[in-house]
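Accompanying notes for the structure given below.
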Amino acid sequence: MTAGEDDAELVRRARLGDKDAFSALVEQHGSAMYRFARRMLRDDGTAEDCVQDALVAAWLSIERFRGDAAVRTWLFGILTNTVRRRVRTEARHPAAPLPDDYDLPGGADPITAAEAQDLRAALEIALAALPPMQRACWILAEVERMSYADIARVQATTVGAVRGAIARARTTLGRRLAPWR
């Protein structure tokens, strides 16, 4: 059984009121949702609140999930709308670090590890300076490994707009991180 089929079965059971099935969906997608919210909002507590709000909204609207997109895409769409509302109503906060599991060069060598930490900090600063749409699309593509079509659904835009946002983000990040090459 594939992850999509697992998700479809969990949604079917959750529609029937099975809270354990919905908990399994949260278990599968919650950490990725949190990583995305944390990167967009740059504050752990606000990110947690947004993920919780998005998951409550998903639970309350699970009967309206049509299955046109993957469950993950649907959940990220709800989260994106929640994050957008939060950004409109709250002041910006300092950037939080990238997830610890994000792959950057490093290893056992202390010099390489220190350089990787410095690169991570430089990437944080460069990401924080991107416009929200570019930052969101880049994170969904590069960190969460979503397809452009899924990102377009999450962001409620076109694949072309996603492709352009990611290209601009990569160009800007490449320019800002050029000293690290």
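The values are calculated or read from the model by the stated rules, or taken from the named source; none is laboratory data. None of the values given here were measured: they were computed from a predicted structure. FYI the Cβ positions are ideal-geometry reconstructions off the backbone, even for glycines, and counts take in every protein chain you see.
Give the residue that is modelled with the lowest pLDDT, with candidates limited to residues of the range 1-38 that are outside any helix (DSSP H, G or I) and under 21 Å from Met146 (Cα atoms). Full working, then the answer.
Of all residues in the range 1-38, those outside any helix (DSSP H, G or I) come to 1-2, 16-18.
Then drop every residue that is not under 21 Å from Met146 (Cα atoms), which leaves 1-2.
Numbers: Met1: 41, Thr2: 48.
Looking at the filtered set, the residue picked out is Met1.
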Going residue by residue through the range 138-153, is there one that turns out to be loosely packed, with under 15 Cβ neighbours inside 10 Å and modelled with pLDDT under 90? no
If you scan the range 43-55, which residues turn out to be crowded, with 19+ Cβ neighbours inside 10 Å and more than 16 Å from Ala70 (Cβ to Cβ)? Asp43, Thr46, Ala47, Cys50, Val51, Leu55
Unmet criterion (only one of (1) over 14 Å from the mean Cα position of the chain (by Cα); (2) in contact (Cβ under 8 Å) with a residue 60 or more places away in the chain) for Arg72: (1)
Being surrounded by 21 or more Cβ atoms within 10 Å (Cβ to Cβ) and among the charged types (D, E, K, R) narrows it down to one residue among Arg12, Arg39, Arg35; which is it? Arg39
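Conditions (1) over 12 Å from the mean Cα position of the chain (by Cα); (2) in a helix (DSSP H, G or I), marked per residue:
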residue	(1), (2)
Glu124	yes, yes
Leu127	yes, yes
Glu142	no, yes
Met146	no, no
Gly160	yes, yes
Ile166	yes, yes
Ala169	yes, yes
Arg175	yes, yes
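Can you tell me how many residues in the range 55-89 are hydrophobic (A, V, I, L, M, F, W, C), outside any loop (DSSP other than H, G, I, E, B) and either in contact with a Lys or Arg (Cβ under 6 Å, 6 or more places away or on another chain) or in the same structural domain as Cys137 (by TED's automatic domain parsing) (or both)?
Narrowing the range 55-89 to residues hydrophobic (A, V, I, L, M, F, W, C): 55-60, 62, 65, 69-71, 74-76, 78-79, 83, 87.
Now restrict to residues that are outside any loop (DSSP other than H, G, I, E, B): 55-60, 62, 71, 74-76, 78-79, 83, 87.
From what's left, either in contact with a Lys or Arg (Cβ under 6 Å, 6 or more places away or on another chain) or in the same structural domain as Cys137 (by TED's automatic domain parsing) (or both): 62.
The total comes to 1.
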